[in-house]
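Colleague: Sending over a structure as structure tokens; questions will come in a sec.
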Amino acid sequence: MPTPIPAIQTQHLRKVFRGRPAVEDLSLEVAQGEVFGFLGPNGAGKSTTVKMLLGLTHPTSGRAQILGQPLDSLGIKRQMGFLPELFRFHDWMTGREFLRFHGQLYGMESADLERRIPEVLGLVGLLGREQERIKGYSKGMQQRIGLAQAILNRPRLVFLDEPTSALDPIGRREVREIIGHLKEQGTTVFLNSHLLSEVELTCDRVAIVNRGRVVKSGTLEALLNPKLEADLRVDKVIPALQSALSAIARITEQNGERLTLELPAEDALPAVAEAVIRAGGKLYALTPRRESLEDLFVTLVEKGAS
Amino acid sequence: MRKVLLVARFAWREAVARRLVVAILLLTLVFVGFYLYGTNALLHSFQRRASALGRELPGQSLLFANATLVLMGMYIANFLGSLMAIFTTIAAVSGEVDSGTIQSVLPKPIRRWEFVLGKWLGHLSLVLPYMVLLSLALMYGAQAITGYLPPQPWNAVALMLLSATFLLTLTLLGSTLLSTLTTGVVLFMLYSLGWAGGIVGSVGALTGSLTLKRIGEISSYIIPSDMLWRGASVYLQPEALRQIQNVARGNPFVGTEPLATGYVLWVGVYSVLVLLLALWVFRQRDF
């Protein structure tokens, strides 16, 4: 199988602002068709990295390619979309004028734009509001029209910088659906987000950056601890129960009637319930939990800070 | 080139949507109205006094009065055009940077120079036709009332347009480099400096001070707006009036000698250099 060209590839990308490095040494690769989560604490260099990839900021050193082309290639820019974190648009325009203007900037033909504008308006849920001025839009609507602008040109690669920061839970779900839709069409999505739960739900692969370097990257399954933990609550912990549980799982924590167990696999869960009943105990709660992305994130960032 | 025109059209639409065009047109209408009303009043007062004394209209005095009135009107037209050139352009690029709208524009398939050139073209196409219209309304409006038209109105307008083009280009350079507020302050100071330089030069001519004349000359090479107006004013004065001014020497508001071709060429080259510098500066910037 020939190696397909990566959607994004950076080698030792570095940006120094007035002697202070914003991005230290960033190397990463994003495959085509992937939904890629780019995570990191505030000031880790996420936005600067995105701005470099989009040609808004010139790298101090290092190399980067998008779809195998240099960053300043107009051909590549025609196939990219971007929703900035601080989505400020020309708010004296109506939503429709705004999309037309950006479509023309992409170099789209008029007839194509006429077809495409209602499509994207429908996708972001703004159909019927396009004749209103953006000035009158709510923050959420402004973010939606920004998203419409980012996917207007049917891009092969979309950069979304905190795309749901102004949205309510329903809006967030809709954006997740749009990302899923883009993925189905084979679009690569580069997602910058603080909302780790959202990243967990949408991304195939993530990279965690801290102080301008990638500290960890990989698929979510590979990054997150495969071991299963479970919280157990019973009426009282007696020695018979303790020994019965020890045979199935490792008790990592005990706090009165609450226990934390580490299980070898998911099918050990029913056995835990059975053991509680057999030992004459009453089962109040048995909740499995996996290590979350948040746990991993906090561990990595705190390790980096110390 | 398509992208340049797209950005230029965009600048126009913004000026219309922000009601800038309407505001300027309305106020200009008021200004031209007052001016022509005054011209009319002056003519009538001359006629009344002449008929009260039972005389013919005094040809020479009337000519001087009319010529001075047109000269003053055009002086103000030139001033308004200069202000327009500066104030409509101060935010052309910096406004997009300050507000963050630049972040959704530059990642598009458009070269940075296309963006700046488009802004330049858009604003220029707003200011220059305005100056032409205003000048024509003043000069031909006055002619309709008094019958007087300056000797070479088109040469004068051409130099005024060159001056506005230079100021606009310099403002654009400021706008690619500085924030909107700073651009406005810097440009206004530079414009005033050019003005002051011209006055210092006139005083030098009047008193025969070589140093002052030299200062005026140097400033006219750096900020040519005042010198270009003096050059333009030469074409707006009848020969007889010009001779009187020449004898009196040192009127800080009008010139008496046509500009050297070399100087006009310099301003053209200078403007192109400033524009190229603006394109280059914008290319280097990080957002």
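The values are calculated or read from the model by the stated rules, or taken from the named source; none is laboratory data. Note that the structure is predicted; figures quoted are calculated from it, not measured. Positions of Cβ are backbone-derived with ideal geometry, glycine not excepted, and every protein chain shown enters the neighbour counts.
Colleague: Mind checking which residues of the stretch A:191-225 are without any contact (Cβ under 8 Å) to a residue 12 or more places away in the chain and either at positive phi or of a type outside the set (A, V, I, L, M, F, W, C) (or both)?
Modeller: A:GLU221
Colleague: Shifting gears a bit: Do we have A:GLU177 as without any contact (Cβ under 8 Å) to a residue 12 or more places away in the chain and either in the same structural domain as A:PRO84 (by TED's automatic domain parsing) or within 30 Å of A:VAL16 (Cβ to Cβ) (or both) here?
Modeller: So A:GLU177 passes the test.
Colleague: Let me ask you something else. When you scan the stretch B:160-215, how many residues do you find that are touching an Asp or Glu at 6+ places or on another chain (Cβ under 7 Å) and either buried (at least 20 other Cβ atoms within 10 Å of the Cβ) or of a type in the set (Val, Ile, Thr) (or both)?
Modeller: The total comes to 5.
Colleague: In addition: Any residue in the stretch A:118-133 that is surrounded by 18 or more Cβ atoms within 10 Å (Cβ to Cβ), in contact with a helix residue (DSSP H, G or I) (Cβ under 8 Å, 6 or more places away or on another chain), closer than 29 Å to A:ALA22 by Cβ and of a type in the set (A, V, I, L, M, F, W, C)?
Modeller: There is no residue in the stretch A:118-133 that is surrounded by 18 or more Cβ atoms within 10 Å (Cβ to Cβ), in contact with a helix residue (DSSP H, G or I) (Cβ under 8 Å, 6 or more places away or on another chain), closer than 29 Å to A:ALA22 by Cβ and of a type in the set (A, V, I, L, M, F, W, C).
Colleague: If you check A:ILE76, A:ILE66, which single one turns out to be aliphatic (A, V, I, L, M), surrounded by fewer than 22 Cβ atoms within 10 Å (Cβ to Cβ) and either more than 30 Å from B:VAL16 (Cβ to Cβ) or assigned by TED's automatic domain parsing to the domain that holds A:LEU195 (or both)?
Modeller: Only one candidate passes the filter, namely A:ILE76.
Colleague: Here's a follow-up. Go through the stretch A:163-172 and give me each residue that's surrounded by 16 or more Cβ atoms within 10 Å (Cβ to Cβ) and out of contact with any strand residue (DSSP E or B) (no Cβ under 6 Å at 6 or more places or on another chain).
Modeller: Correct list: A:THR164, A:SER165, A:ALA166, A:LEU167, A:GLY171, A:ARG172.
Colleague: Out of the residues in the stretch A:15-35 that are outside any loop (DSSP other than H, G, I, E, B) and more than 24 Å from the chain's Cα centre (by Cα), which is surrounded by the most Cβ atoms within 10 Å (Cβ to Cβ)?
Modeller: So, considering only residues that are outside any loop (DSSP other than H, G, I, E, B) and more than 24 Å from the chain's Cα centre (by Cα), the one surrounded by the most Cβ atoms within 10 Å (Cβ to Cβ) is A:PRO21.
Colleague: From the list A:LEU157, A:LEU182, A:LEU201, A:LEU147, which residue is at pLDDT 95 or above, within 20 Å of the chain's Cα centre (by Cα) and of a type in the set (A, V, I, L, M)? Write out each step before concluding.
Modeller: Working: A:LEU182 fails: at pLDDT 95 or above; A:LEU201 fails: at pLDDT 95 or above; A:LEU147 fails: at pLDDT 95 or above.
Of A:LEU157, A:LEU182, A:LEU201, A:LEU147, the one residue that is at pLDDT 95 or above, within 20 Å of the chain's Cα centre (by Cα) and of a type in the set (A, V, I, L, M) is A:LEU157.
Colleague: In this structure, is B:PHE34 under 30 Å from B:PHE188 (Cβ atoms) and part of a helix (DSSP H, G or I)?
Modeller: Yes, satisfied.
Colleague: Sticking with this one: Hey, does the stretch B:185-207 have a residue that's of a type in the set (Phe, Trp, Tyr) and in a loop (DSSP other than H, G, I, E, B)?
Modeller: Checked against the condition, which is being of a type in the set (Phe, Trp, Tyr) and in a loop (DSSP other than H, G, I, E, B), the stretch B:185-207 yields no hits at all.
Colleague: Taking only pairs six or more apart or across chains, which ones have beta-carbon atoms under 6 Å, a first residue in the stretch A:10-35 that is within 14 Å of another protein chain (Cβ to nearest Cβ), and a second residue that is surrounded by fewer than 16 Cβ atoms within 10 Å (Cβ to Cβ) and hydroxyl-bearing (Ser, Thr, Tyr)?
Modeller: Once the first residue is within 14 Å of another protein chain (Cβ to nearest Cβ) and sits in the stretch A:10-35, its partners that are surrounded by fewer than 16 Cβ atoms within 10 Å (Cβ to Cβ) and hydroxyl-bearing (Ser, Thr, Tyr) give A:ARG14/A:THR60; A:ARG14/A:SER61; A:LYS15/A:THR60; A:VAL16/A:THR60.
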